[in-house]
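The values are calculated or read from the model by the stated rules, or taken from the named source; none is laboratory data. Predicted, not measured: the structure shown is a model, and the values here were computed from it. With ideal geometry, Cβ positions are generated from the backbone for all residues, glycine too; neighbour counts draw on all protein chains shown. What goes into the accessible areas is simple: the full protein's heavy atoms, side chains included, and nothing from ligands, DNA or RNA. Shrake-Rupley method; radii C 1.70, N 1.55, O 1.52, S 1.80 Å.
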Amino acid sequence: MRALFRPAFIGLIALRYGLDGLFLDSLRRPGLSALARVLSFGRRLNAPRGQRLRMALERLGPIFVKFGQMLSTRRDLLPADVADELAKLQDRVPPFPSSESIKLVEKALGRPIAAVFKQFDADPIASASVAQVHFAVLHDGREVAVKVLRPGMLNIIDDDLALMRTLAGWVERIWADGRRLKPREVVAEFDKHLHDELDLVREAANAAQLRRNMQGLDLVLVPEMIWDYCTSTVMVMERMKGVPISQMQRLREAGVDIKKLARDGVTIFFTQVFRDGFFHADMHPGNIQVSLDPVTFGRYIALDFGIIGTLTEVDKDYLAQNFVAFFHRDYKRVAELHIESGWVPANTRIDELEGAVRTVCEPYFDRPIKEISLGQVLLRLFQISRRFNVEIQPQLVLLQKTLLNVEGLGRELDPDLDLWSTAKPFLERWMHEQVGIRGLFERFKREAPRYAKLLPELPRLVHRNLQQGDAGLRRDLQAILLEQRRTNRTLSAMLWVGFGFVMGLVAAQFVARMHTLGWF
């Protein structure tokens with residue numbers, strides 16, 4: 001019954017707020033516009049269209065609110081009045097009653113509110129789709145922010161996800177591209193991240209990891225978690241004081257360098273993605289502030305760590321190589337990488353894929369971000385992927401969403417930002433560290449414990465293999481010996497390179513000294 005009720009409820013909300021008319025009007029066809037007017041007959045739709053859309057998304061629940069949050073960052077795709085209304089979904093979703101919030105905190109912490117906090121502001125400072133935030137002061141004087149999970153979220157999210165899974169199954173069966181797009185795997189990925197967001201202990205752990213990762217960068221601040229007061233439904237963290245990044249005029253008046261802020265945002269994004277493989281995947285303006293404190297002036301403040309994206313070393317390597325190839329306009333290498341990674345069939349002609357990628361990307365080089373729409377680029381890449389049977393990678397869905405958020409934020413901060421020239425030096429430096437001498441030593445350090453454990457076992461394995469004559473053990477022995485030979489060759493090569501380098505320095509010093517004495 002719930003599976004039947006939810007689609008019916010969505011349809012009723014769409015009719016109540018006139019979303020059917022908004023959709024038909026957006027198609028810009030005279031006949032459909034007339035149909036929209038007929039359908040709206042007898043319904044009181046006096047509120048502006050943006051307000052009606054926002055209220056409908058709020059009524060439908062967290063998944064729809066998150067969709068509205070993402071749309072609000074795309075002012076290049078939406079009319080200004082709609083984008084302004086959807087921006088209210090970032091931190092101004094109607095809150096639930098303060099009395100209920102206090103009860104939830106007391107239940108989660110197992111003690112009266114006064115026993116934990118010296119002061120607790122009943123009125124929430126921010127309210128979003130999944131939780132709301134109150135300011136408070138601990139008895140030791142520390143100012144904190146208290147995040148409280150909305151009650152009843154799990155049932156609503158499960159209903160929406162069940163509907164999405166059903167729709168994904170239909171897409172796979174009905175649409176020719178269904179299997180290639182892997183809709184059920186994409187929904188499963190979305191399901192995992194949404195349920196992770198409902199566990200505030202997990203969010204606190206995400207914040208702690210991101211705080212450690214960002215410590216040496218000096219570009220972004222992440223609040224410290226107060227672990228004694230963190231549960232699955234309540235999270236207490238250091239209170240951060242900053243100005244929302246959407247308040248551009250206030251930031252300018254305070255003397256913040258907006259263009260530097262835009263460049264720093266690109267650096268933070270690429271650092272989290274390619275260096276750490278652990279990135280903030282909910283970067284709408286409601287979750288980003290800027291510090292005006294003299295000690296940390298002009299730094300980003302990151303909030304809300306419920307949705308975090310992760311990438312494996314393989315994903316990071318292929319993505320970074322793709323980006324560097326794009327920046328150098330080496331479209332042949334892009335095509336080769338897609339075939340090597342298995343994202344396209346092995347029998348794909350490289351020259352054809354190269355030409356298709358060139359057609360999409362070449363028009364966007366050497367342009368400021370205000371003249372680039374990643375949405376359009378992704379749409380055209382989708383058309384290419386259909387032609388060449390590119391398999392969609394579910395683990396990259398969050399990265400694509402975050403990239404669109406970063407583009408929308410960059411467009412607001414500095415429309416003249418050259419995204420390519422800003423990101424290119426970072427990626428080239430990262431690639432050099434991965435494949436250069438430094439990367440080689442780092443890999444040796446990581447593998448050293450495995451070698452240290454493996455080598456002492458070698459005599460025992462040899463003896464057991466000689467006694468038993470087991471084929472499997474012989475294969476193990478051969479693998480160990482092969483690994484040892486590779487290690488020896490690598491170490492020998494490094495020693496010879498080091499010896500040659502030292503001898504070269506000695507020779508250079510000798511020649512310079514002889515020249516100084518006039519012997520040459």
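Please pick out the residue among 337, 353 that is more than 30 Å from residue 242 (Cα to Cα) and crowded, with 22+ Cβ neighbours inside 10 Å.
Working: 337 fails: crowded, with 22+ Cβ neighbours inside 10 Å.
That would be 353, the only listed residue that is more than 30 Å from residue 242 (Cα to Cα) and crowded, with 22+ Cβ neighbours inside 10 Å.
Of all the residues that make up segment 28-83, how many are under 28 Å from the mean Cα position of the chain (by Cα), part of a loop (DSSP other than H, G, I, E, B) and at pLDDT below 65? Before you say what the answer is, go through the steps one by one.
Residues of segment 28-83 under 28 Å from the mean Cα position of the chain (by Cα): 50, 53-83.
Remaining after also requiring part of a loop (DSSP other than H, G, I, E, B): 61, 73-79.
Checking which are at pLDDT below 65 leaves us with 73-77.
Matching residues across segment 28-83 total 5.
Hey, residue 392 hits all of (1) open to solvent by less than 80 Å² (accessible area, probe 1.4 Å); (2) aliphatic (A, V, I, L, M); (3) outside any helix (DSSP H, G or I); (4) modelled with pLDDT of 75 or more but one; which does it fall short on?
Failing condition for residue 392: (4).
Could you list all residues from segment 240-263 that are among the basic types (Lys, Arg) and either under 19 Å from residue 217 (Cα atoms) or surrounded by 17 or more Cβ atoms within 10 Å (Cβ to Cβ) (or both)? Give the derivation first.
Within segment 240-263, the subset among the basic types (Lys, Arg) is 241, 250, 252, 259-260, 263.
Answer for segment 240-263, where residues must be among the basic types (Lys, Arg) and either under 19 Å from residue 217 (Cα atoms) or surrounded by 17 or more Cβ atoms within 10 Å (Cβ to Cβ) (or both): 259, 260, 263.
Just a yes or no: is a residue in segment 310-333 hydrophobic (A, V, I, L, M, F, W, C), under 28 Å from residue 225 (Cβ atoms) and in a loop (DSSP other than H, G, I, E, B)? Quick ask: steps written out before the conclusion?
To start, the set of residues in segment 310-333 that are hydrophobic (A, V, I, L, M, F, W, C) comprises 311, 314, 319-320, 323-327.
Subset that is under 28 Å from residue 225 (Cβ atoms): 311.
If we keep only those that are in a loop (DSSP other than H, G, I, E, B) as well, we get 311.
For segment 310-333, residues hydrophobic (A, V, I, L, M, F, W, C), under 28 Å from residue 225 (Cβ atoms) and in a loop (DSSP other than H, G, I, E, B): present.
For segment 122-141, enumerate the residues that are open to solvent by less than 30 Å² (accessible area, probe 1.4 Å), without any contact (Cβ under 8 Å) to a residue 40 or more places away in the chain and farther than 18 Å from residue 227 by Cα.
The answer is 127, 132.
Would you call residue 407 touching a helix residue (DSSP H, G or I) at 6+ places or on another chain (Cβ under 8 Å), open to solvent by 70 Å² or more (accessible area, probe 1.4 Å) and at pLDDT 70 or above? Quick ask: steps written out before the conclusion?
Numbers: touching a helix residue (DSSP H, G or I) at 6+ places or on another chain (Cβ under 8 Å): yes; open to solvent by 70 Å² or more (accessible area, probe 1.4 Å): no; at pLDDT 70 or above: yes.
It is false that residue 407 is touching a helix residue (DSSP H, G or I) at 6+ places or on another chain (Cβ under 8 Å), open to solvent by 70 Å² or more (accessible area, probe 1.4 Å) and at pLDDT 70 or above.
Applying the selection to segment 210-230, what residues are assigned to a helix (DSSP H, G or I), closer than 24 Å to residue 261 by Cβ and open to solvent by 20 Å² or more (accessible area, probe 1.4 Å)?
Within segment 210-230, 211, 212, 213 meet the criteria.
Answer with yes or no whether residue 362 is open to solvent by 50 Å² or more (accessible area, probe 1.4 Å), at pLDDT 75 or above and either over 30 Å from residue 69 (Cβ atoms) or among the aromatic types (Phe, Trp, Tyr) (or both). Lay out the reasoning, then the answer.
Details: open to solvent by 50 Å² or more (accessible area, probe 1.4 Å): yes; at pLDDT 75 or above: yes; either over 30 Å from residue 69 (Cβ atoms) or among the aromatic types (Phe, Trp, Tyr) (or both): yes.
Against the criterion (open to solvent by 50 Å² or more (accessible area, probe 1.4 Å), at pLDDT 75 or above and either over 30 Å from residue 69 (Cβ atoms) or among the aromatic types (Phe, Trp, Tyr) (or both)), residue 362 qualifies.
Limited to segment 264-284, what total is found for residues that are in a helix (DSSP H, G or I) and open to solvent by 30 Å² or more (accessible area, probe 1.4 Å)?
Total meeting the criteria: 3.
Going by the structure shown, is residue 9 at pLDDT 75 or above and either under 29 Å from residue 398 (Cβ atoms) or not acidic (Asp, Glu) (or both)? Explain how you work it out, then say what you get.
Numbers: at pLDDT 75 or above: yes; either under 29 Å from residue 398 (Cβ atoms) or not acidic (Asp, Glu) (or both): yes.
When the stated conditions are applied, residue 9 passes them.
Identify, please: which residue in segment 273-290 is modelled with pLDDT of 90 or more and not aliphatic (A, V, I, L, M) and is, among those, farthest from the chain's Cα centre (by Cα)?
289
Answer yes or no as to whether residue 293 is at pLDDT below 90 and surrounded by fewer than 20 Cβ atoms within 10 Å (Cβ to Cβ).
Numbers: at pLDDT below 90: no; surrounded by fewer than 20 Cβ atoms within 10 Å (Cβ to Cβ): yes.
Spelling it out, it is not the case that residue 293 is at pLDDT below 90 and surrounded by fewer than 20 Cβ atoms within 10 Å (Cβ to Cβ).
Is it true that some residue in segment 300-323 is buried (at least 17 other Cβ atoms within 10 Å of the Cβ), farther than 30 Å from residue 192 by Cα and in contact with a helix residue (DSSP H, G or I) (Cβ under 9 Å, 6 or more places away or on another chain)?
no
Could you list, in sequence order, all residues of segment 242-263 that are of a type outside the set (Val, Ile, Thr) and either outside any loop (DSSP other than H, G, I, E, B) or closer than 13 Å to residue 415 by Cα (or both)? Before the answer, list the steps.
Going residue by residue through segment 242-263, those that are of a type outside the set (Val, Ile, Thr) are 242, 244, 246-255, 257, 259-263.
Residues satisfying the conditions are 244, 248, 249, 250, 251, 252, 253, 259, 260, 261, 262, 263.
Residue check: is residue 119 open to solvent by less than 10 Å² (accessible area, probe 1.4 Å) and part of a strand (DSSP E or B)? Outline the logic, then answer.
Values: open to solvent by less than 10 Å² (accessible area, probe 1.4 Å): no; part of a strand (DSSP E or B): yes.
Taking the combined requirement at face value, the residue does not satisfy it.
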